[in-house]
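The values are calculated or read from the model by the stated rules, or taken from the named source; none is laboratory data. Predicted, not measured: the structure shown is a model, and the values here were computed from it. Backbone-built Cβ (ideal geometry, glycine too); neighbour counts: all protein chains shown. For the accessible areas, the whole protein counts, side chains as well, though only heavy atoms, and no ligand, DNA or RNA atoms are used. Shrake-Rupley method; radii C 1.70, N 1.55, O 1.52, S 1.80 Å.
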Amino acid sequence: MFQVKAKNKNLAITTLTMRSYDSGTFGAEVWTKTGTMIGFESNKAAWTKIADATFTTSSTWAMLKFPDFATPVRISAGQTQSFYVTRKTGSLLWTTSTSANLNVLANEDDNLQFFHGYYNAYGTAGFGGKGYGTWNGELTYVTDNGVKPTLAPTPPPT
C-alpha cells in the first residue's frame with residue numbers, strides 16, 4: 001500500500017508491474033483510492049479494485065505486468081492517489097523500513113512522486129498494512145498531453 005502524487009501535470013496510470021518474491025502460479029490484485037491511504041489502511045470499503053489477474057512465473061524476483069487497467073487511474077496535478085497491490089498467496093518484493101519512513105518520499109521523476117508505505121500478507125493480514133516498506137514495482141502512466149477524455153457513447157441508430 002503506497003501513495004503517489006502528480007507533480008505539475010495531470011497523469012493517468014495505465015498499468016503497473018510488480019516484482020514477485022517467489023515463483024509459481026498465483027492471483028494478484030490492485031486496489032486504489034483518491035487521496036491519502038493514512039486512516040484507510042483497513043477500510044476496504046474506501047478502496048476500488050481495478051485489477052485482478054493470475055500470473056505464472058518460474059523465476060523468483062520476476063517483474064510481472066498487469067494487463068492495462070480497463071479505466072486508467074487519473075490523478076490531477078498536485079493531487080495524491082493511493083494504491084494497494086497484493087498477491088493472494090505468497091509474497092511481493094518490498095524493501096522493509098520503519099514507521100519513520102511511512103509516507104516519506106521514496107523516489108520521483110519529472111511528473112510523479114512515490115512514497116514509502118506498507119507491505120502485507122493477503123491471507124493473514126486481510127486488507128491493509130502489516131509492516132512498513134517500499135513497494136518494488138513500476139507504474140506506467142501518460143501525462144495530460146497523451147490523455148484523451150472519454151466521450152459519451154453515441155445514441156443507438158434509428
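Worth a mention:
- Accessible area of D109 in the full protein assembly, 1.4 Å probe (Å², nearest 10): 60
- Rounded accessible area of E41 (nearest 10 Å², 1.4 Å probe): 30
- Take the stretch 1-124 with all the other protein chains still there, run a 1.4 Å probe, and you get 48 Å² of accessible area per residue.
- Of the Cα atoms belonging to the stretch 1-105, the radius of gyration and Dmax stand at 14.3, 40 Å.
- For V104 and Y21, a Förster radius of 22 Å and the Cβ-Cβ distance give a FRET efficiency of 0.45, rounded to the nearest 0.05.
- Counted charge near S82, where neighbours are those whose Cβ lies closer than 12 Å (Asp, Glu -1; Lys, Arg +1): +1
- Estimated at the nearest 10 Å², the accessible area of Y119 is 70 Å² with a 1.4 Å probe.
- FRET efficiency, I38 to S59 (Cβ-Cβ, R0 30 Å, nearest 0.05): 0.30
- Residue-wise HN-Hα couplings along the stretch 10-21, as the Karplus relation 6.51 cos²θ - 1.76 cosθ + 1.60 with θ = phi - 60° gives them from phi, are 5, 10, 9, 7, 9, 5, 8, 10, 10, 9, 7, 8 Hz; Gly and Pro carry x.
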